[in-house]
Amino acid sequence: MKRVLATGTFDLLHPGHLFFLEEAKKLGDELYVIVARDSKIEHKPRPIVPEKQRAKMIAALKIVDHAILGSENDIFEPLKKIQPDVIALGHDQVFDSDKLKEELAKRGFKPEIVRIKKSESCEFCSSGSIIKEILKRNGKRD
């Protein structure tokens, strides 16, 4: 059975997230999703939805076979249990594929890294666009 791993913050779940996970699922038989811990998110504003709620939302999606919260200590820790054959990266995720592959190899992992190149194209396919619209409708600017 080919295991695929996808990761993300998944704040304000939207069609772009669903598209990413659907594309990731196509890469194998079993889809594992690691939901980022609030404490580990440094590349963007802190999520609005608490981590346990975000994980529960991801776990409820039919295409997701297993959803877990990431490690508080080491982002690579959950991979010991998952043993992914493929790691799917979203088109806009900050991971450098080559550096990621190098870090994985140091830890004894050799999954295929696949960047999902395309994204869903819709008005509210990103958390940022949803937030901007909420602010606009409430007479505030970002």
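For this structure, a couple of remarks:
- Selected residue (only one of 58, 87, 116 is surrounded by 18 or more Cβ atoms within 10 Å (Cβ to Cβ), of a type in the set (Val, Ile, Thr) and touching a helix residue (DSSP H, G or I) at 6+ places or on another chain (Cβ under 6 Å)): 116
- Some residue of segment 4-19 being part of a loop (DSSP other than H, G, I, E, B) and more than 25 Å from residue 122 (Cα to Cα): no
- Annotation: of all residues in segment 95-113 being of a type in the set (D, E, K, R) and more than 19 Å from the chain's Cα centre (by Cα), the one that is surrounded by the most Cβ atoms within 10 Å (Cβ to Cβ) is 107.
- Looking only at segment 36-54, and only at residues there that are without any contact (Cβ under 8 Å) to a residue 40 or more places away in the chain and assigned to a helix (DSSP H, G or I), the one that is surrounded by the most Cβ atoms within 10 Å (Cβ to Cβ): 51
- Of the criteria (1) touching a helix residue (DSSP H, G or I) at 6+ places or on another chain (Cβ under 7 Å); (2) of a type outside the set (Gly, Ala, Ser); (3) over 24 Å from residue 48 (Cα atoms), which one residue 75 fails: (3)
- Remark: pairs (first residue in segment 1-18, among the aromatic types (Phe, Trp, Tyr); second residue part of a loop (DSSP other than H, G, I, E, B) and at pLDDT 90 or above; Cβ separation under 9 Å; 6+ apart in sequence or on different chains) = 10/36; 10/49.
- Residue count, segment 107-142 (criterion: in a loop (DSSP other than H, G, I, E, B) and in contact (Cβ under 8 Å) with a residue 60 or more places away in the chain): 9
- Set side by side, the residues 79, 69 differ, and just one is surrounded by 15 or more Cβ atoms within 10 Å (Cβ to Cβ), closer than 20 Å to residue 27 by Cβ and among the aliphatic types (A, V, I, L, M), which is 79.
- Taken over segment 77-91, the residue count meeting the criterion of being assigned to a loop (DSSP other than H, G, I, E, B) and farther than 12 Å from residue 113 by Cα is 4.
- The condition of being under 19 Å from residue 4 (Cβ atoms), in contact (Cβ under 8 Å) with a residue 60 or more places away in the chain and either in contact with a Cys (Cβ under 7 Å, 6 or more places away or on another chain) or not polar (S, T, N, Q) (or both) holds for only one of 31, 104, 27, that being 27.
The values are calculated or read from the model by the stated rules, or taken from the named source; none is laboratory data. Bear in mind the structure is a predicted one, so any value in this text is a computation, not a measurement. Reconstructed Cβ throughout: ideal geometry from the backbone, glycine too, with neighbour counts over all protein chains shown.
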